[in-house]
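Read-outs: derived from the displayed coordinates by stated rules, not from any lab. As the structure is a computational prediction, the values presented were derived from the model and not from experiment. Here Cβ is always computed from backbone atoms with ideal geometry, including for glycine, and neighbour counts include all displayed protein chains.
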Amino acid sequence: VALQSVTPNGIKPYAVYDNIMHDKMRRDQMLAASMKNSLDRGEFQVFYQPMYDFSTKQIIRAEALIRWFHHELGTVHPNEFIPLFERNGMIVALDQYIWEAVCRYQRQCLDAMRSIVPVSVNVSRVDFYHQDIVELLTILLRKYDLPPHVLELEVTESAYMDDPRQMRVILTQLKEVGFHILMDDFGSGYSSLNMLMNLPVDTLKIDMLFIRQMDISQRAGDIIGSIVQMAQWLNLETVMEGVETREQSEYLKNIGCNAGQGYYFSKPISETDFFHFMDEYTPPVSEEIINIDYNM
Ligand code: C2E
Ligand code: MG
Ligand code: MG
Ligand code: MG
């Protein structure tokens, strides 16, 4: 009976739903079909977002975040194309492209005798099971003649849930090579603590969902504090993602969180802007200097 009902404009609800699904499928097909071409045209770019240490006031690393500037569709958001490319497997080629771009950038900076910070790259759950990432990353380091500490790896619990044992084996190998491992979006999923118990991680990146709730919920702030305390017990570094205000930054510093990443410090910026950012940056810096408002 519900399906028979008709909306005020005379369209059947399930027909509307069908249309939305159809549009999304068509757009997904279009994105998938143009991915390879976009790679060749350089429409995928790496943006960099610095992470700021609360006590030393230094930039301790930057996260590499992919951006897609499509020649027809304009900017396509990672939250739209990453899940799609994870479903169809294209993420593997895309992540390889990003990792190599980051290695090339670090090599260029070193050749230019510039001080660099480690750059963390995102590793999709799909990457773990469709290629030998230990070998791939080792080859990249060798190709660009880089030490492992200039490239760091952000992993999420979705990979862990796929195959805990396998992920443990791979991460242990990556640690042996010398990579620093960050657990991304910590606290947002179902098995964060289970994962923490079983995997050799160095840094917890606390999911921004907690900081988004802080203004309305005392409990959200308390949970961030508890995670930071637990991390201190476990000798892990903590990074808060999504820091947008001075108040949040002060709070995090006071509870002993190590570092913050977010619009308050800097948005993700292009490689060129990041190059100049690091150029102007002589550590330690005042908040005025690093709080440059670059536009994305
Ligand atoms: P993530 O790894 O958790 O990255 C953090 C996201 O938070 C980024 O979104 C970043 O732009 C955003 N962000 C940073 N500071 C703030 C802030 O102060 N406020 C708010 N509201 N947001 C902030 P982005 O770049 O859209 O990426 C979304 C997700 O897509 C990433 O989440 C990551 O899971 C995935 N992703 C991005 N680049 C890559 C990539 O190269 N490979 C893979 N596999 N995944 C990627
Ligand atoms: Mg990340
Ligand atoms: Mg994250
Ligand atoms: Mg996140």
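Both the radius of gyration and Dmax for the stretch 100-139 are 12.7, 37 Å, in that order, over alpha-carbon atoms.
Only counting other Cβ atoms within 10 Å, I'd like 138, 75, 245, 203 sorted with the fewest neighbours first.
75, 245, 138, 203
Charges on Cβ only, +1 for Lys and Arg, -1 for Asp and Glu, centred on the Cα centroid of the chain; of 133, 211, 112, which one is farthest towards the dipole's positive end? Towards the positive end, the residue furthest out is 133. Normalising the average separation of contacting C-alpha pairs (under 8 angstrom, six or more residues apart) by the number of residues puts the relative contact order of the chain at 17 percent.
Here, the stretch 16-135 yields an orientationally averaged convex hull projection of 10.4 nm² when only Cα atoms define the hull.
Can you tell me the dipole magnitude for the chain around its Cα centre, using point charges on the Cβ only (Lys, Arg +1; Asp, Glu -1), in Debye to the nearest 20?
In debye, rounded to 20, the chain gives about 440.
Largest GNM mean-square fluctuation across 42, 256, 225, computed for the chain with C-alpha springs under 10 Å, falls on 42. Pairs of Lys residues in the chain that lie 8 or more places apart, or on two chains, and have C-alpha atoms under 20 angstrom apart add up to 10.
For a test of the definition: using alpha carbon positions, the gyration tensor, and the 1.5 limit on a/c, classify the stretch 65-182 as rounded, prolate or oblate.
On the way: a/c = 2.10, a/b = 1.07, b/c = 1.96.
Oblate is the answer for the stretch 65-182, as a/c is 1.5 or above yet b/c matches or exceeds a/b.
From least to most packed, judged by other beta carbons within 10 angstrom and beginning with the fewest, 72, 241, 86 follow the order 72, 86, 241.
Note down the Stokes-Einstein diffusion coefficient of the chain in µm²/s, whole number, using a Kirkwood radius over alpha carbon pairs, 25 °C, and 0.890 mPa s.
118
Rg and Dmax of the stretch 139-195, based on Cα coordinates, read 12.8, 39 Å.
In terms of other Cβ atoms within 10 Å, 71, 180 run from fewest to most in the order 71, 180. The Cα atoms of the stretch 28-93 cover 47, 23, 17 Å along the three principal axes, with the biggest extent listed first. For the stretch 175-269, what log10 I(q)/I(0) values come out of the Debye formula at q = 0.22 1/Å, with one point per alpha carbon and no solvent? Here the Debye-derived log intensity ratios amount to -1.15.
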